[in-house]
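Worksheet for the structure shown next.
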Amino acid sequence: QMRKLGKGLLLVLLGLVIACGVAYFVLKNIKVPMVNIIDVDLEQVQDGSYRGEYSAGPVLVTTRIVVNDNIIKEIVIEKHQCGLGKKAEKIIDDVIKQQTLAVDIISGATLSSQVILKAIESGLNQGFKNN
C-alpha cells in the first residue's frame, strides 16, 4: 500500500511540474500590446476636470484629471483592472511632480503604467483650447 501511495504522489508531483511548465510557456508567449504615449502641451489645456479612459490587452484604466493654470493639480484613478499591475498606480505622482507624461515606467508593471499614462493623455486631450 505504501508503493501505491508513493506512485500516486509521484503522479501528482509530475502533473504539477507539467502544469507549471505549460503555464510558464503560455505566459512567456503572451504578446504585450504596444502603447504609444504622446505628451500633451499643458499650455493648450483649459482649466477643468477631465475623464480619460484607455484599455490595452487585459488592462483597463479610467482617470479623472484636474487642471488649473496649465498645471495638473490632481489625478485620480477611478478604475484600474490590472491583474498584477497595481503598483503602476504610483506613476501618477511622477506625472504631477514632473508635469509631463514623459516619465519612467514602473518596473514590473509596464503595461499598466502605459495604460494609465494613455488614460491621462486621453483626458487631457479633451481640454484642448481649440476644442
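The values are calculated or read from the model by the stated rules, or taken from the named source; none is laboratory data. What you see is a predicted model; the values in this text were computed from it and never measured. Every residue, glycine as well, gets a Cβ built from its backbone with ideal geometry; the counts of neighbours run over all protein chains shown. These accessible areas exclude ligands, DNA and RNA; they are computed on the full protein's heavy atoms, side chains included. Shrake-Rupley method; radii C 1.70, N 1.55, O 1.52, S 1.80 Å.
Report yes if residue 75 is of a type in the set (Val, Ile, Thr), in a strand (DSSP E or B) and in contact with a Ser or Thr (Cβ under 7 Å, 6 or more places away or on another chain), otherwise no. It is true that residue 75 is of a type in the set (Val, Ile, Thr), in a strand (DSSP E or B) and in contact with a Ser or Thr (Cβ under 7 Å, 6 or more places away or on another chain).
The set of residues from region 84-97 being assigned to a loop (DSSP other than H, G, I, E, B) and either in contact with a Leu (Cβ under 9 Å, 6 or more places away or on another chain) or without any contact (Cβ under 8 Å) to a residue 12 or more places away in the chain (or both) comprises just one member, 85.
Applying the criterion of being over 15 Å from the mean Cα position of the chain (by Cα) and open to solvent by less than 70 Å² (accessible area, probe 1.4 Å) to the residues of region 89-108, the residue that is nearest to residue 64 (Cα to Cα) is 96. Set side by side, the residues 84, 60, 111 differ, and just one is within 20 Å of residue 34 (Cβ to Cβ), surrounded by fewer than 12 Cβ atoms within 10 Å (Cβ to Cβ) and of a type in the set (A, V, I, L, M, F, W, C), which is 84.
Among the residues of region 63-81, the one identified as over 15 Å from residue 99 (Cα atoms), open to solvent by 40 Å² or more (accessible area, probe 1.4 Å) and polar (S, T, N, Q) is 81. Within region 98-131, being touching a Ser or Thr at 6+ places or on another chain (Cβ under 6 Å) and part of a helix (DSSP H, G or I) holds for 119, 120, 123. When the test is whether a residue is over 13 Å from the mean Cα position of the chain (by Cα), under 16 Å from residue 122 (Cβ atoms) and part of a loop (DSSP other than H, G, I, E, B), residue 40 passes it.
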